[in-house]
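Scroll down for the structure; my scribbles are underneath it.
No lab work stands behind these numbers, since they all come straight from the coordinates. Just so it is clear, the structure is predicted and the values come from calculations on it, not from any experiment. Note that we place each Cβ from the backbone using ideal geometry, even for glycine, and neighbour counts take in every protein chain shown.
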Amino acid sequence: MDAFILQILNGLDKGSAYALIALGLTLIFGTLGVVNFAHGALFMIGAFCAVTLQKIFGISFQTIDDTQTDFLGNPLKVDTPYIEAWFGPEMGMAIQDWSVPLAILLVIPVMFFLGWVMERGLIKHFYSRPHADQILVTFGLAIVVGELIKAFYGANPIQTPAPDMFLGTVDVGAWLGMDSGAVAYPKWRMVYFAFSLVTIGAVFAFLQFTTFGMVVRAGMADRETVGLLGIDIDKRFTFMFGLAAAVAGMAGVMYTPILSPHYNIGMDFLVLSFVVVVVGGMGSLPGAVLAGFMLGILQSFASMNEVKAVIPGIDQIIIYLVAIIILLTRPRGLMGRKGVMEE
Amino acid sequence: MSKSNFSRRGVLKTGAIAGAGLALPTYLSAASHAGYTNAPTGSSVKFGFNVPQTGPYAEEGLDELRAQELAVEHLNGIGDGGMLNTFSEKNLQGDGILGKKVEFVTGDTQTKSDVARASAQSMIQKDGCVMINGGSSSGVAIAVQGLCQDAGVIFMAGLTHSNDTTGKDKKANGFRHFFNGYMSGAALGPVLEKEYGNERQAYHLTADYTWGWTQQESIAASTEALGWTTTQNVLTPVGAGDFSSYIAPILNSGADTLILNHYGGDMVNSLTQAIQFGLKDKQVNGKDFTIIVPLYSELMAAGAGSNIQGVFGSMNWNWQLQDAGTKAFVKSFGEKYGFPPSNAAHTCYVQTLLYADAVTRAGTFNPCGVAEALEDFEFDGMGNGPTSYRGSDHQCFKDVLVMKGTDNPTNAFDTLEIVEVTPRAQVEYPVDHPMFAGGDLGTCNPGA
């Protein structure tokens with residue numbers, strides 16, 4: 001039973017990341033009709049916003065300590081972060097410790113701006129072009145961004161730990177009336193799950209309960225008619241591109257303590273997220289979220305030793321297997337709309 | 001009346017074919033005179049440095065490249081000479097090799113066997129390289145070693161730790177300076193026994209390719225000989241990223257030890273995630289849960305941060321050693337690049353110098369002459385103490401380091417500490433040891 005609960009939690013955690021990325025992908029596809037293969041790169045840029053803030057907080061001045069030597073036998077250069085000099089060691093270390101949550105404040109405007117620039121500067125020129133062209137240009141962009149990140153930050157994963165208070169585990173077993181310690185789950189992963197629920201809820205509420213959201217939904221259903229009513233739907237869709245980029249960026253920032261960011265992290269998620277979008281149904285926001293969590297949980301269960309003993313290698317193919325079955329039985333995906341990508 | 005059948009076009013055609021036919025024997029005799037692939041004819045000789053510059057082991061590859069460039073500088077008389085000053089052989093004088101200036105080309109293996117082979121093939125066929133060096137994956141090393149054997153050039157392997165490289169996949173044209181999984185197990189065993197006793201339940205997470213398989217086999221054999229039990233061995237895909245699905249079952253498996261047969265970015269992720277799941281703080285079977293990483297590198301240690309504190313592993317070499325060779329190399333590398341070299345950098349640097357020295361002793365770049373000079377070659381002054389290349393499998397034998405994550409690091413480079421220098425005799429094994437069984441070294445191929 002404890003192993004079962006642990007894999008459910010793992011699946012929800014994985015699914016959170018898939019759902020957040022797939023949500024952004026679907027928002028862009030549903031509004032602008034663009035298949036954005038650079039969406040994984042937006043997730044990665046978000047993750048590197050956390051790395052950047054960590055590095056900014058770590059900018060130091062050097063003093064020479066004659067009492068110690070470095071690896072070459074020269075007097076040791078000691079680095080002291082400015083932030084510790086300005087705010088005192090305790091406060092300075094606390095700010096550095098909280099660099100990941102603080103990066104959320106940085107990532108929202110940065111990603112929104114990047115999304116806006118990307119849409120106005122590049123994507124808009126491909127609206128009337130075939131999906132294949134859109135895929136090629138956005139995939140190319142993702143590669144360029146990945147290489148730029150590698151040039152600046154190197155190829156190795158960079159540690160971006162969660163604040164100290166979120167290290168360690170939560171005794172989920174005790175919550176469920178089981179023996180203490182029977183089901184322990186990392187605190188930060190619980191935070192990530194809660195964060196994803198809040199973010200997904202906020203996006204849905206924004207689309208459902210605001211006038212702006214209502215117009216966007218109308219535009220997604222029938223762009224032409226909304227345009228004929230005198231509403232500049234393009235501006236709203238550009239805003240939605242920025243919003244999708246910000247969601248991907250936030251997902252990236254919060255994921256850094258779980259998976260140390262590296263220049264290729266976006267690509268790792270991109271393919272799976274596209275499968276999630278297709279399984280959920282192209283253009284369906286609830287479908288993307290549902291499929292994200294469903295595939296995350298299935299992938300976790302497929303990794304169990306008991307399952308792999310029966311079907312070796314199932315953990316590597318389960319997502320694609322499920323995608324094939326769903327597309328064979330429900331060609332539009334779980335919650336796909338009629339007419340989307342069918343012309 | 002006779003009519004001539006000769007036409008202007010026919011004469012030209014026949015002349016061209018006849019000319020080519022006459023020239024061919026000259027071309028062939030030139031090649032057969034050299035007698036081997038890419039025999040250098042000018043004033044320079046070219047090496048191919050084939051390392052991962054992108055992909056999960058890119059950081060190791062880039063460090064290898066730095067060391068290889070440094071080695072070429074030293075061979076050409078630039079800089080302070082590094083280990084040439086401490087090497088037991090004194091044939092290399094900083095004037096190139098056999099009077100030829102050393103040049104090099106680089107390639108990106110991307111840590112993929114097919115890409116690495118294509119890159120090495122281009123270096124041999126297009127660039128005329130006489131030796132290929134580098135790499136940071138056993139899968140890649142075995143693939144490139146096979147290619148070099150067929151092409152008739154020497155392969156001086158880089159960071160490859162699978163038993164198979166000099167076991168069932170050994171080749172006469174391939175040489176490995178780096179240690180292997182068996183040696184890690186032999187070195188770690190006694191230290192683990194002293195530290196953790198004889199009754200442990202070990203759970204292995206293993207990278208699903210040749211290196212992971214043979215390291216797991218070696219470490220399991222070594223720890224089982226101590227009295228430990230291997231409760232489970234779970235194969236994980238390379239580059240999985242999130243290992244939580246593989247780590248969660250360990251929590252209630254009854255195991256009190258996790259052995260991570262992972263390397264590079266995978267090790268950084270799996271170790272970090274294991275600690276997030278609270279494994280290091282856990283008590284099982286009345287013992288503190290412990291984690292072991294049999295193959296360490298400085299670059300991985302830096303990536304894993306504080307998570308490696310107190311975790312045991314092994315290495316081929318470390319910059320903190322105090323012998324003259326290590327000091328000379330660390331000084332050259334540190335002054336040029338501003339940080340200490342990794343053990344991946346060290347092995348590629350040493351391999352480049354060893355090849356150059358073997359050519360000088362053999363008096364030829366012919367791979368068969370070089371191979372003969374390297375086989376059963378005894379040397380010292382390269383940072384590992386007295387070392388030899390065993391002729392029967394082309395594996396280097398030398399001391400091995402048992403390492404531990406530093407508990408209280410004092411600076412950015414203070415990530416690992418040397419626990420023990422395991423003497424060479426403890427990690428030696430017969431050439432027909434079952435873990436290295438199968439395969440055939442074959443005979444040297446000069447190519448051409």
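Observations on the model:
- Percent of Cα pairs exceeding the 21 Å cut-off, where the set is segment A:1-159: 63 percent
- 0 to 90° range, to nearest 10: angle between helix B:58-75 axis and chain B longest Cα axis: 50 degrees
- Antiparallel bridges, percent of DSSP beta bridges restricted to segment B:182-315 (to nearest 5): 10 percent
- Chain lengthening between A:Leu328 and A:Leu176 when straightened (0.36 nm per residue, less Cα-Cα): 50.9 nm
- Length released on extending from A:Val144 to A:Glu306, taking residue separation times 0.36 nm less the Cα-Cα span: 54.2 nm
- Taking every alpha-carbon pair in segment A:162-250 and binning the separations at 5 Å intervals from zero gives 3, 12, 15, 15, 12, 9, 8, 8, 7, 6, 4, 2, 0 percent.
- Value in Å of the Kirkwood radius, where chain B supplies the Cα pairs that are averaged: 23.0 Å
- Residues within the reach of a label modelled at B:Lys101 (point 7 angstrom out along Cα to beta-carbon, backbone nitrogen below 15 Å), restricted to segment B:328-365: there are none.
- Label separation (B:Asp323 vs A:Phe87): 4.9 nm, computed from points 7 Å beyond Cα along the C-beta direction.
- Nearest-0.05 FRET efficiency for A:Asp164 and A:Lys235, computed from C-beta distance (R0 41 Å): 0.40
- Exercise: per-residue mean of other protein chain Cβ atoms within 10 Å, B:245-255: 6
- The angle between the Cα long axis of helix A:2-32 and the longest principal axis of the Cα atoms of chain A comes to about 60 degrees, rounded to the nearest 10.
- Lacking any other cysteine beta-carbon closer than 4.7 Å, the following Cys residues of the protein assembly as shown have no compatible partner: A:Cys49, B:Cys129, B:Cys148, B:Cys348, B:Cys396.
- Net charge over other residues, Cβ less than 14 angstrom from the Cβ of B:Gly81 (K, R count +1; D, E count -1): -2
- Sequence-separation-based contact order of chain A, relative, with Cα cut under 8 Å and 6+ spacing, percent: 34 percent
- Principal-axis tilt of helix B:8-34 within chain B, Cα atoms, nearest 10 degrees: 50 degrees
- Of all the options B:Ser253, B:Ser119, B:Ser245, the one that moves most in a Gaussian network model of chain B with Cα springs shorter than 10 angstrom is B:Ser245.
- Calculated on the Cα set of the protein assembly as shown, radius of gyration then Dmax: 29.7, 118 Å.
- Restricting the calculation to alpha carbons of segment B:309-448 gives Rg and Dmax of 17.4, 56 angstrom.
- Column: log10 I(q)/I(0), Debye, Cα scatterers of segment B:182-315, q = 0.19, 0.21, 0.22 Å⁻¹: -1.08, -1.37, -1.53
- Neighbouring Cβ atoms from other chains, within 10 Å of the Cβ of residues in B:273-280, number 5 on average.
- Divide the volume of the convex hull around the Cα atoms of segment B:251-360 by the residue count and you get 129 Å³ per residue.
- Calculated FRET efficiency for the pair A:Phe206/B:Ile418, C-beta based, R₀ 41 Å, to 0.05: 0.10
- Rough spin-label spacing in nm, given labels placed 7 Å along Cα→Cβ, for A:Val271 and B:Glu224: 3.5 nm
- Local electrostatic count at B:Lys170 - Lys and Arg +1, Asp and Glu -1, tallied over other residues with Cβ under 12 Å: 0
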